[in-house]
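The structure appears below as structure tokens.
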Amino acid sequence: MTRPTFFVEEDKILSNLFEEGLENLHLYKPGASPMFSERLLTLLEDEYHNRITVHGHFYLKEEFHLRGIHIDDAHTEPPVGYKGNLSRTCHAIEELKEAKRHSNYVFLHSIFDSQTNADEKSSFTRQELERAAADGLIDKKVYALGGMNIDNVREMKALGFGGVVICGDLWNRFNIHNEIDYKELLNHFVRLKKTLD
């Protein structure tokens, strides 16, 4: 998932992440003008657009031939007449069953304390997650979101999650205010990918 704010080197970093095998980028820029998302998308090669899922400003999906749209809760209806990939965020285990029925995949938030937002704390105990996995609620259509890092992604895979959403563990390795070398961020992405493969 992208940082919630735009920054100068973003298009270059994203292009490099795609080259390193990033399969699905969630373009998440809450509260930002769609003009800035359009600008970022025009800076990325067209070949990467079908690997991008957009949060909000859903018209961008058609305009740039993106992978799909993401709704940030379990209940909001997609735009009328929308056809295509749809994902959404669930904030409770009880929401998973119904949300999975109408989505290609869902995020379960917040698994661990956020690394980017100190106010976002873990919402589930290990026992609750194990019970949800045993009940078949956590499966390949559910991605773990919140506090994901290289130390806990294997644990999520073992619980049966279909994937993990990486944000802070990656973006915290590049200071947007005073760095231009993003090699450490790319190297960390490669290590994460190997851990998950």
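The values are calculated or read from the model by the stated rules, or taken from the named source; none is laboratory data. Remember, it's a predicted structure, so these values are computed and weren't measured experimentally. Every residue, glycine as well, gets a Cβ built from its backbone with ideal geometry; the counts of neighbours run over all protein chains shown. The accessibility values were calculated without ligands, DNA or RNA, using every heavy atom of the protein model including side chains. Shrake-Rupley method; radii C 1.70, N 1.55, O 1.52, S 1.80 Å.
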Determine whether region 177-188 contains at least one residue that is open to solvent by less than 70 Å² (accessible area, probe 1.4 Å) and in a loop (DSSP other than H, G, I, E, B).
yes
Could you look through region 58-105, keep only residues that are assigned to a loop (DSSP other than H, G, I, E, B) and of a type in the set (A, V, I, L, M), and pick out the one that is surrounded by the most Cβ atoms within 10 Å (Cβ to Cβ)?
L66
Where L137 falls short, out of the listed (1) open to solvent by 50 Å² or more (accessible area, probe 1.4 Å); (2) over 13 Å from S87 (Cα atoms)
(1)
What's the number of the only condition in (1) open to solvent by 60 Å² or more (accessible area, probe 1.4 Å); (2) farther than 25 Å from A118 by Cβ that T195 fails to meet?
(1)
Pull out all pairs, ordered by first then second residue, where Cβ-Cβ is under 8 Å, the residues are six or more apart or on different chains, the first lies in region 175-189 and is over 23 Å from I150 (Cα atoms), and the second is at pLDDT 90 or above.
I180/E9
Just wondering, is there one or more residues in region 12-24 that are touching a strand residue (DSSP E or B) at 6+ places or on another chain (Cβ under 7 Å), part of a loop (DSSP other than H, G, I, E, B) and modelled with pLDDT of 95 or more?
yes
For the subset of region 106-117 comprising residues that are assigned to a loop (DSSP other than H, G, I, E, B) and of a type in the set (A, V, I, L, M, F, W, C), which member is most open to solvent (accessible area, probe 1.4 Å)?
F112
May I ask you to verify whether I150 is more than 22 Å from S87 (Cα to Cα), among the aliphatic types (A, V, I, L, M) and either modelled with pLDDT of 95 or more or open to solvent by 20 Å² or more (accessible area, probe 1.4 Å) (or both)?
yes
Out of curiosity, is E155 of a type in the set (D, E) and either touching a residue at least 12 places away in the same chain (Cβ under 8 Å) or surrounded by 19 or more Cβ atoms within 10 Å (Cβ to Cβ) (or both)?
no
Quick check on region 118-142: of everything there that is part of a loop (DSSP other than H, G, I, E, B) and touching a residue at least 40 places away in the same chain (Cβ under 8 Å), which residue is nearest to the chain's Cα centre (by Cα)?
K141
I'm trying to understand the selection: among the residues of region 34-56, which are open to solvent by 30 Å² or more (accessible area, probe 1.4 Å) and either in a helix (DSSP H, G or I) or at pLDDT below 95 (or both)?
P34, M35, F36, E38, R39, T42, L43, D46, E47, N50, R51
Long-range neighbours under 8 Å by Cβ, at least six apart or interchain, first residue of a type in the set (G, A, S) within region 18-45, second open to solvent by less than 70 Å² (accessible area, probe 1.4 Å) and assigned to a strand (DSSP E or B)
S37/L27; S37/V54
